[in-house]
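These notes are about the structure you will find just below.
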Amino acid sequence: TLREGDEVLIADNTVDGIGTYEGVGRVVRAAGQRSSYYARNVGAASAVNDWLLLIDDDCVPRPSILDEFFAEAPSDGCGALAGRVVAGAQAEPIARYSASRGYLSQAAHLAHPHRPFGVTANLLVRRAAWTSVGGFQEGIRSGGDADFCWRLQEAGWTIEARPAAAVVHSHRARLRLLLRQAARYGAGRAWLNRRHP
């Protein structure tokens, strides 16, 4: 549910720009890198408002998500609000396995032993905080969510949880896709360990 002044941007990072988004929002081409972090940076640079809601393409937001994010006013030093990521009702065993492991659980990531972070499947970021850290690290395929949130905190910003602001996520339904995702996550963790020992 949008109000006057709200905008929807789709950062399309497909190779040939074949995404169909008619009637959804303004499409911004982000084909410079095959990275969701690059696409988010391109989208953020094209946005005009003070808050940037990042949602993955395999997530569907509740219509009231913006109201739920702002039901409680963020503190002045808050740089990001982490909304909940709920698993969709999928019948495939691989998707049910992923959902049972809580791969995108904001609660688990906000309790990270090094420092809390939110996953960008559903993360609302204050533009001033975004700008202060220069957005996402580009040139990587995984681990950028944690890196971004840790850099926010190093710059003095906080992260707050907003579990009522939810998106429904569709997990990978095929084993090959899950294994590819696990390999990407592993590479991202290795990169994070080098960058934040």
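The values are calculated or read from the model by the stated rules, or taken from the named source; none is laboratory data. Quantities reported herein were computed from a predicted structural model and do not represent experimental measurements. Quick reminder, even Gly has a Cβ in these numbers, built from the backbone with ideal geometry, and neighbours come from all protein chains shown. Just the protein is used for accessible areas: all its heavy atoms, side chains included, with ligands, DNA and RNA removed. Shrake-Rupley method; radii C 1.70, N 1.55, O 1.52, S 1.80 Å.
May I ask you to say which residue of Ser46, Ser64, Ser75 is out of contact with any helix residue (DSSP H, G or I) (no Cβ under 9 Å at 6 or more places or on another chain), more than 26 Å from Ala11 (Cα to Cα) and not aliphatic (A, V, I, L, M)? Break it down into steps so the answer makes sense when it comes.
On the way: Ser46 fails: more than 26 Å from Ala11 (Cα to Cα); Ser64 fails: more than 26 Å from Ala11 (Cα to Cα).
Matching residue, one of Ser46, Ser64, Ser75: Ser75.
Please go through segment 46-72 and give me each residue that is of a type in the set (A, V, I, L, M, F, W, C) and either open to solvent by less than 50 Å² (accessible area, probe 1.4 Å) or in contact (Cβ under 8 Å) with a residue 60 or more places away in the chain (or both), ordered by number.
Ala47, Trp51, Leu52, Leu53, Leu54, Ile55, Cys59, Val60, Ile65, Leu66, Phe69, Ala71
Are any residues in segment 169-197 free of Cβ contacts under 8 Å to residues at least 40 places away in the same chain and part of a loop (DSSP other than H, G, I, E, B), and if so, which ones?
Pro197
If you take the residues in segment 169-197 that are of a type outside the set (Gly, Ala, Ser) and within 30 Å of Thr1 (Cα to Cα), which one is most open to solvent (accessible area, probe 1.4 Å)?
Arg172
Any chance you could count how many residues in segment 30-72 are part of a helix (DSSP H, G or I) and of a type in the set (Ser, Thr, Tyr)? Explain how you work it out, then say what you get.
Initial filter on segment 30-72 (part of a helix (DSSP H, G or I)): 36-46, 65-69.
Right, trim to of a type in the set (Ser, Thr, Tyr) and you get 36-38, 46.
Adding up the residues that qualify gives 4.
Among the residues of segment 1-19, is there at least one that is over 24 Å from Ala129 (Cβ atoms), surrounded by fewer than 11 Cβ atoms within 10 Å (Cβ to Cβ), touching a Ser or Thr at 6+ places or on another chain (Cβ under 9 Å) and at pLDDT 80 or above?
Yes, that holds for at least one residue.
Identify, please: which residue in segment 78-93 is over 24 Å from Glu154 (Cβ atoms) and out of contact with any helix residue (DSSP H, G or I) (no Cβ under 7 Å at 6 or more places or on another chain) and is, among those, modelled with the highest pLDDT?
Result: Val86.
Within the group Ala95, Ala107, Ala87, which residue is more than 18 Å from the chain's Cα centre (by Cα) and farther than 20 Å from Gln137 by Cβ? Can you show your working first?
Working: Ala107 fails: more than 18 Å from the chain's Cα centre (by Cα); Ala87 fails: more than 18 Å from the chain's Cα centre (by Cα).
From the options Ala95, Ala107, Ala87, the qualifying one is Ala95.
Hey, among Ala173, Ala183, which residue is within 22 Å of Ile55 (Cβ to Cβ), over 18 Å from the mean Cα position of the chain (by Cα) and at pLDDT below 95?
Ala173
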